[in-house]
Every structure is written in C-alpha cells, then in structure tokens.
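Student: I have a structure I would like to understand better, so I am pasting it below and will then ask my questions one at a time.
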Amino acid sequence: MAPEVFAGNGRYDEKCDVYSFAMLLLEIHNNGDISKYFHTRNSGHGKKKTSGQILHDAANGWRP
C-alpha cells in the first residue's frame with residue numbers, strides 16, 4: 001500500500017497505484033523478502049525498525 005493511502009488523508013491518485021505495483025514487483029524479484037531495502041535506517045539505538053515504524057516514516061515522506 002502506498003504511504004499516501006495509509007496516511008488516510010484522501011490525497012492520492014494513480015501514482016499510489018504505480019508505487020504499490022513497484023513494491024509488488026520488488027517483492028516478486030526478491031522472492032518476497034524486501035526487508036533489506038527497508039532496514040537501512042535504524043531506530044537510533046542500533047535496532048532495526050519494525051514494519052509499522054517504516055510505514056509511519058513512509059507516510060511522513062521517507063522513501064526507500
């Protein structure tokens with residue numbers, strides 16, 4: 001799901017579909033494991049971010 005859709009502010013268009021499709025292709029290309037692309041930023045204490053934290057960051061403008 002595109003971050004704009006997750007944010008729930010109602011401001012999304014066909015670009016969200018393109019983003020979602022790109023994420024799907026990335027998953028297919030990597031046999032379902034895309035975590036290496038999203039764990040490049042840690043939480044500041046040397047810990048990997050959770051999926052929820054990553055989705056929150058993406059909804060606030062961060063792009064993988």
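Student: Would you mind telling me which numbered condition in (1) in a loop (DSSP other than H, G, I, E, B); (2) modelled with pLDDT under 70 residue 37 fails?
Tutor: The failed condition is (1).
One line per residue, one yes/no per condition, for (1) at pLDDT 75 or above; (2) among the basic types (Lys, Arg):
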position: 16; (1), (2): yes, no
position: 43; (1), (2): no, no
position: 47; (1), (2): no, yes
position: 55; (1), (2): no, no
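The values are calculated or read from the model by the stated rules, or taken from the named source; none is laboratory data. Please read these numbers as outputs of a predicted model, since none were measured by experiment.
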